[in-house]
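Below you'll find the structure, written out as structure tokens, and then a few comments.
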Amino acid sequence: MRLLALTTFMILSLHFVSAQDAFSLSENGEAPSRSYDVLHYKLVISIDEQHKSIVGTTTITLVPIFPKLDTVILDASDMAIKSVALGSTRELHFETTSNKLVVHLDTTYSFNDTLRIVIAYSCTPKKGITFTGPDSGYPHKRWQVWSQGEDTTNHYWFPCYDFPNDKATSEIIATVRNNFTVLSNGTLVSMKENKKAGTKTFHWLESKPHASYLIMFAAGEYSVLRDAIGKLPLEFYVYPDDTLNARICFKQTADMIAFFNMKTGFTYPWEKYGQIILQDHFGGMENTSATTLADLATVYDERVRIDNSPTSLIAHELAHQWWGDVVTCKDWRHIWLNESFASYFDPLYHEYYRGRDEFDYTMYNSQQDGIRVDTARGRRPIVSVESYGENIYPRGAEVLHMLRFLLGDELFFRAIAHYITKFQFQPVETNDLKVAIEEATGQNLYWFFDQWVYKAGHPIFNLSYTWCGEEKSLLLSVRQVQAMDSLTGIFRMPVDVEVTSSNGTTTQRVNILSKDTTFAIPSNEQPRLVIFDKGSWLLKELKWTKTQEEWEYQAEFARNPIDRIRALQELVKLERNAQFVALFARVMVQDTFWALRREAITQSEKLDVNSDSLKALLKDALLIAAREAKRSAVRDAATGQLKRFRGDSTVISALQAALQDSSYNVMASAIRSLAKVDSTHVLPVLKQYLDYPSFRNRIHNAALNTLATIDSVQAIEIALGDAQYGHELTTRNAALGILRKHAKHNATIMALYQSLLVDKNEGIRSNAVRALGEIGEEATIAALEKIASDNDNSASDTAKESIEKIKKRIAEQTKQSAH
């Protein structure tokens, strides 16, 4: 999901506030005070996909929270409100603003009353609904209509309380043309066809409370595949011409549900689980009992499945049915309670399904994402205004991982079960999680949440050790050297230290409590290997002082793949690293874990290899990996690294063979490497593969980008055509990437970029806006200002950034001219 920008929290005083005052405070993005509690939404809508409009009636059943409620304020943007009534008879006065519907009740009501407000309206939504269909550029595009409520965009197509700190049941009665099928939340109560009108009406009912942003519908031409786990129906809304691949790609859903039932200690609670694939979707959205998924990221044919799997996306969105739907963040500062949990339970499924090495590698990458965002963008707490996407997805998942290590599996999963059971169907904030875990485990976790959730940064450990023969012990020095301030302090945490000697392996847990500590760990002989943080549980950076021999031993024999990866990364930093070619060659061919083989291949580029014999050894290992590795990711990496052997006939032959690989990714790497190795003869190959059909034009794009490095004139000519509306989106973006490098002082390219400012695709519009900012022509400011001033334009913020870049560049040029 997209990153949500929040503003500073506003503390409410304790005196009584009116409904108007309470709702005005919600404009700051935090959880607003509420004057009523919504019990139920009933939406009766007619969808006109041709005119991209909706006509509907929304009935909202609510109970006042205030003792004297005379006004109900609802979120409703850009709607034509025809009438508002209390029940079916009493018309009510109302007012509208650009984003609110203010309903004046006929008298004051209290919390003893239940009100039913009926609103008739029509709208042509600017947000919240996507209408897709064929046009001149894409004549084969499918007719589809689908909603997207997160974060707060459902109020663009029905009046509601559009914030996650309230939950209600819901139903949708949707009328569409008769060749459409509609998916929505809950149970399908009925489907009625009006043959005379050429329509069908679908009635869906969600009987359990959920946040309003999770209310959804999606409509189009679908085949519905069905499965079940026990009595729970599973439904897959897929394209009629691709049911076989769809069934394969969704086949693990039942197994995932069974696993999550077990791990959460909370049985899947909704009436069914439906998944629907959609064009132009951004990825996945966990609407209650009805997940929407990008078609191109979910259903793959047999060849595409060589390089891609939808398992992680499907598992992530399914995990949200517990984390985000059963328990939902109360406001967006706490969205990690939705996203981090899903980002951890997805890898947990892979731990069960693919093994511990895969799980550890996924969590290692989460750790690296957390470190990168701290370094590149600055530290920011997970629970904070405008927290980073990297914080609420991988870093938050890593926090849960560390919590699991701290508590142990039994206590961790018992605590998680207590949390979701205690707060089921309620909005939650971070302290609710902390309290629930403390109740279930008896542990005081204030310090843990303080350093990892409410503060920021990560520990950087300087590590070294000496072995004392007389004491029969290892003295391990642990120093924290991260920058310290109000956001980042001394981290405390238990750590497992693994010591390997000829007598075997022992593990001792030490407690990090201070900045600088030396631990005495029993060891009867000089260790062959010392591992700090066995299992790689912690978010951290390590600066180890180890001998070359220990790094070599660790690279091949450490039990955990992450420790072997770290050793490879350290070895290439050493002087005279060519001596490790044989080791890297062994790892890239023999290691039991594919990610280690790929890491050895990738890191081998940093080996300073000068001798012919070592080059031959490295080349032979890469050729074996490129030819024989079962995992396409390993073949891809090896094929890419063959680029260094310019003019080598054996390598040229291998790359020509790789052009026939079953993997599109390997083919693309072969194209790029062949241009390096055999540049004088590669041009006909590039032109040939420009016409090669592949998933999302993968091969064409690789050939075009490679052509741009050899013959920019030809590449520009092709790119000017590829960038036009009607081409595959990845190809348009690839073309624009090429053109951006040559745009300055090129009137044709600049005219193209200007025309793309009104492109129908918002991603292309943003790409063009961003590019104009980087190109820096003063003449483009007026067009960018027009976009910047339109808050409904998704590229508005990008346009403001581009204008600032151009003005800054002009100011610098003026200053230089003055000097």
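Across the range 103-129, which residue is farthest from Met216 (Cα to Cα) among those that are crowded, with 16+ Cβ neighbours inside 10 Å, β-branched (Val, Ile, Thr) and without any contact (Cβ under 8 Å) to a residue 60 or more places away in the chain?
This residue is Val103.
Name the residue, out of Ala319, Ala290, that is open to solvent by less than 10 Å² (accessible area, probe 1.4 Å), out of contact with any strand residue (DSSP E or B) (no Cβ under 8 Å at 6 or more places or on another chain), modelled with pLDDT of 95 or more and under 24 Å from Trp146 (Cβ atoms).
Within the list Ala319, Ala290, the selection yields Ala319.
Can you report the number of residues in the range 378-394 which are in contact (Cβ under 8 Å) with a residue 12 or more places away in the chain and part of a loop (DSSP other than H, G, I, E, B)?
10
Taking the range 700-743 as the search range and keeping residues that are closer than 15 Å to Leu683 by Cβ and among the small types (Gly, Ala, Ser), which one is surrounded by the fewest Cβ atoms within 10 Å (Cβ to Cβ)?
Ser712
Would you point out which residue out of Ala616, Ala578, Ala582 is farther than 28 Å from Ala703 by Cβ and without any contact (Cβ under 8 Å) to a residue 12 or more places away in the chain?
Ala616
Per-residue answers, yes or no, for (1) assigned to a helix (DSSP H, G or I); (2) closer than 24 Å to Thr132 by Cα:
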position	(1), (2)
Ser766	yes, yes
Arg770	yes, no
Glu774	yes, no
Ala783	yes, no
Asp792	no, yes
Thr798	yes, no
Ala811	yes, no
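Scan the range 488-514 for residues that are surrounded by 14 or more Cβ atoms within 10 Å (Cβ to Cβ) and either among the hydrophobic types (A, V, I, L, M, F, W, C) or in contact with a Cys (Cβ under 8 Å, 6 or more places away or on another chain) (or both) and report the count.
Residues that pass the stated criteria total 8.
Only one residue in Leu539, Leu476 is touching a His at 6+ places or on another chain (Cβ under 9 Å) and of a type outside the set (Lys, Arg). Which one?
Leu539
To keep it simple, each residue is scored yes or no on (1) farther than 12 Å from Val634 by Cα; (2) not aliphatic (A, V, I, L, M).
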position: Leu574; (1), (2): yes, no
position: Val581; (1), (2): yes, no
position: Ala585; (1), (2): yes, no
position: Leu596; (1), (2): no, no
position: Asn610; (1), (2): yes, yes
position: Ser613; (1), (2): yes, yes
position: Asp620; (1), (2): yes, yes
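Counting just the residues of the range 46-72 that are surrounded by fewer than 21 Cβ atoms within 10 Å (Cβ to Cβ) and of a type in the set (A, V, I, L, M, F, W, C), which one comes out farthest from Gly220 (Cα to Cα)?
Among residues in the range 46-72 that are surrounded by fewer than 21 Cβ atoms within 10 Å (Cβ to Cβ) and of a type in the set (A, V, I, L, M, F, W, C), the one farthest from Gly220 (Cα to Cα) is Phe66.
Among the residues of the range 618-643 satisfying the criterion of being surrounded by 18 or more Cβ atoms within 10 Å (Cβ to Cβ) and not aliphatic (A, V, I, L, M), which is farthest from Arg597 (Cα to Cα)?
Lys643
Is there any pair with a first residue in the range 403-417 that is among the small types (Gly, Ala, Ser) and a second that is open to solvent by 30 Å² or more (accessible area, probe 1.4 Å) whose Cβ atoms are under 6 Å apart and which are 6 or more apart or on different chains, and what are they?
Between residues of the range 403-417 that are among the small types (Gly, Ala, Ser) and residues that are open to solvent by 30 Å² or more (accessible area, probe 1.4 Å), the close pairs are Ala417/Gly265.
Just a yes or no: is a residue in the range 240-247 touching a residue at least 24 places away in the same chain (Cβ under 8 Å), under 27 Å from Phe163 (Cα atoms) and touching a strand residue (DSSP E or B) at 6+ places or on another chain (Cβ under 8 Å)?
Scanning the range 240-247, I find no residue that is touching a residue at least 24 places away in the same chain (Cβ under 8 Å), under 27 Å from Phe163 (Cα atoms) and touching a strand residue (DSSP E or B) at 6+ places or on another chain (Cβ under 8 Å), so the answer is no.
Select the strands (runs of 3 or more DSSP E) contained entirely in the range 44-123, then report the ones holding at least 3 residues which are under 17 Å from His155 (Cα atoms) and under 33 Å from the mean Cα position of the chain (by Cα).
53-64
If you take the residues in the range 744-753 that are open to solvent by 70 Å² or more (accessible area, probe 1.4 Å) and not charged (D, E, K, R), which one is modelled with the highest pLDDT?
This residue is Thr748.
Considering only helices (runs of 4 or more DSSP H) fully contained in the range 293-377, which possess at least 3 residues that are free of Cβ contacts under 8 Å to residues at least 40 places away in the same chain and out of contact with any helix residue (DSSP H, G or I) (no Cβ under 6 Å at 6 or more places or on another chain)?
Helices (runs of 4 or more DSSP H) meeting the threshold: 356-377.
Of the residues that make up the range 671-690, is at least one without any contact (Cβ under 8 Å) to a residue 60 or more places away in the chain and farther than 30 Å from Lys619 by Cα?
no
For every residue, the table says whether it meets (1) outside any strand (DSSP E or B); (2) surrounded by 15 or more Cβ atoms within 10 Å (Cβ to Cβ); (3) at pLDDT 95 or above.
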site: Pro164; (1), (2), (3): yes, yes, yes
site: Thr175; (1), (2), (3): no, yes, yes
site: Lys200; (1), (2), (3): no, yes, yes
site: Leu205; (1), (2), (3): no, yes, yes
site: Ala228; (1), (2), (3): no, no, yes
site: Phe236; (1), (2), (3): no, yes, yes
site: Leu244; (1), (2), (3): yes, no, yes
site: Met262; (1), (2), (3): yes, no, yes
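Within the range 590-617, track down each residue that is in a helix (DSSP H, G or I), within 25 Å of Asp357 (Cβ to Cβ) and either open to solvent by less than 60 Å² (accessible area, probe 1.4 Å) or acidic (Asp, Glu) (or both).
Selection gives Trp594, Ala595, Leu596, Arg597, Glu599, Ala600, Ile601, Gln603, Ser604, Glu605.
What helices (runs of 4 or more DSSP H) lie completely within the range 657-740 and have 2 or more residues being among the β-branched types (Val, Ile, Thr) and modelled with pLDDT of 95 or more?
Correct list: 664-677, 698-710, 712-722, 729-740.
Looking at the range 452-511, which of its residues are among the β-branched types (Val, Ile, Thr), closer than 28 Å to Pro381 by Cα and assigned to a strand (DSSP E or B)?
Matches in the range 452-511: Ile460, Val478, Val495, Val510.
Quick one: how many residues across the range 450-486 are surrounded by fewer than 15 Cβ atoms within 10 Å (Cβ to Cβ) and either farther than 25 Å from Leu407 by Cβ or at pLDDT below 95 (or both)?
11
Could we say that Phe519 is more than 23 Å from Thr375 (Cβ to Cβ), aromatic (Phe, Trp, Tyr) and either at pLDDT below 95 or open to solvent by 60 Å² or more (accessible area, probe 1.4 Å) (or both) here?
Considered against the rule, which asks whether it is more than 23 Å from Thr375 (Cβ to Cβ), aromatic (Phe, Trp, Tyr) and either at pLDDT below 95 or open to solvent by 60 Å² or more (accessible area, probe 1.4 Å) (or both), Phe519 comes out as no.
The values are calculated or read from the model by the stated rules, or taken from the named source; none is laboratory data. Note that this is a predicted model, so its numbers are computed, not measured. Backbone-built Cβ (ideal geometry, glycine too); neighbour counts: all protein chains shown. SASA here: full protein model, heavy atoms, side chains in, ligands and nucleic acids out. Shrake-Rupley method; radii C 1.70, N 1.55, O 1.52, S 1.80 Å.
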